[in-house]
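Peer 1: The structure follows.
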Amino acid sequence: ALVVAGAPGLAGGAPSALRRAAAEAAPAPVPSEAVVELAEGTSDNQTAATPATPKAVTKHILDQVDHQMRKGSRQSIVVIVVCIIGAYLVFDGETAFQCTLVVLVFGLGFVIGESDFTDVWPTTRHTPIARFVGLEVGLAAAIVAYLGLDGIIVIFAAVLGGLGAAEAKRGLAAMGCKTLENDERLVVALYTVVVAVVVLMFSCKKHIRLTILICAAVGASLLVSALSWFITSAVIGGHFHFIVSAFPHATPKGGDWVDFFLLLWDASAPDVGIFADSRYNVDVQGAAYRTDRVVGMVLAAGIFYLSSRSQFRALNEADARELRSTGGALQRALLSEE
């Protein structure tokens, strides 16, 4: 009693200290299953409600396409399809351009449909049911694209114009035009003008000659890359011994068809082909010229020249026939009025 009476501070602080010690020793409350499910549901809802940006959607599509194109078991099928598309682009660019748009829409629909279905049902990955769903989505998208081909062309023109505006902005910025980086109004004006011009050009059918050039270039690249993939795969597989005899120091390096295609367009792409990383590559003043890329570009340039020349001749002949037909119809109409 004397201790308690003589130390009121201790007497008043002891219960508080005991309560704190008991609180620290007590186990933390375990949330119930309902609380856990509610929290998880809230998190999922918040994630699902997060809007996907166009950049994220585009990246998702490109990643899925790249994944599908790089499956080793499908490389032969990919190369056969590439050869067919490339030949079509080389011989009839305008029609092939329209068909390619429909095929691309089908491919994107197939990839997205299969990917999203397997995201919901992970156990169905690489199963026939997943591919069937992708086929359904791809066919539906292709039918819509075919029925509204003019609209698809306009969308393609808008996307192409946006890419062109982005490249123009990047080029102007590299040349020292810093205003585009700080003034959003100029950026919007640049994109608006470029996209509008490209869309108007496609809508007025002024894109046909440009389309022929683009289709000839892409078609030539597809054919050459497919040929390079085939020859390299054959040499690695023990065929075409005359190539090994003619170039004993060659170091064939295979890969996916995409790698051979990128080698033609990107100087920094990994080296693949018959002469990959071999002594046959040439260095000129510190610049490396890879033999596979040089040979491929020469072949692609030859195919491009022949293709564009042939298609331009056919286009001029078609224009001349249409002009004669229109002139004849106009002359008959004038004679009938007289």
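Peer 1: Starting at the first residue of region 226-239, write each ³J(HN,Hα) from the Karplus equation 6.51 cos²θ - 1.76 cosθ + 1.60 with θ = phi - 60°, in whole Hz, x for Gly and Pro.
Peer 2: Those phi angles translate into 5, 5, 5, 4, 5, 5, 4, 5, 5, 5, 5, x, x, 9 Hz.
Peer 1: Still on this structure, please answer the following. Could you sort the peptides 233-246, 297-310 by per-residue average Cβ neighbour count (10 Å cutoff), highest mean leading? Can you show the working numbers first?
Peer 2: On the way: 233-246: 12.4, 297-310: 16.4.
The most tightly packed comes first, giving 297-310, 233-246.
Peer 1: Using a basic spin-label model with each label point 7 Å from the Cα along Cα→Cβ, how many nm lie between Ala269 and Arg321?
Peer 2: 3.7
Peer 1: Kirkwood-based Rg over Rh for region 85-221 (C-alpha set), two decimals? Kindly include the intermediate steps, with their values, before the conclusion.
Peer 2: Working: Rg = 18.9 Å, Rh = 17.3 Å.
Here the Rg-to-Rh quotient is 1.09.
Peer 1: I'd like the distance separating the alpha-carbon centroids of region 253-274 and region 77-144, in whole Å.
Peer 2: After rounding, the separation between the Cα centres reads 23 Å.
Peer 1: Next question, about the same structure. Whose amide H sits under 5 Å from the amide H of Asp277, counting only residues 5 or more places off or on another chain, with H placed in the peptide plane?
Peer 2: none
Peer 1: Using θ = phi - 60° and the Karplus form 6.51 cos²θ - 1.76 cosθ + 1.60, what ³J(HN,Hα) does each residue of region 241-252 get, whole Hz, x for Gly and Pro?
Peer 2: The phi angles translate into 5, 5, 5, 5, 5, 6, 10, x, 9, 5, 10, x Hz.
Peer 1: What does the charge count near Gly113 come to, summing +1 for each Lys or Arg and -1 for each Asp or Glu among other residues with Cβ under 13 Å from its Cβ?
Peer 2: -3
Peer 1: Moving on. State the extension gain, in nm to one decimal, for the chain segment bounded by Val159 and Arg125, taking 0.36 nm per residue of separation less the distance between their alpha-carbons. All intermediate terms of the calculation are to be shown ahead of the outcome.
Peer 2: Numbers: separation 34, 0.36 × 34 = 12.24 nm, distance 3.16 nm.
Going from the current span to full extension adds 9.1 nm.
Only the coordinates and a few stated rules stand behind these numbers; no lab work does. Just so we're clear, the structure is a prediction, and the values are computed from it rather than from any experiment. Positions of Cβ are generated from backbone atoms using ideal geometry, with glycine treated the same way; all protein chains shown enter the neighbour counts.
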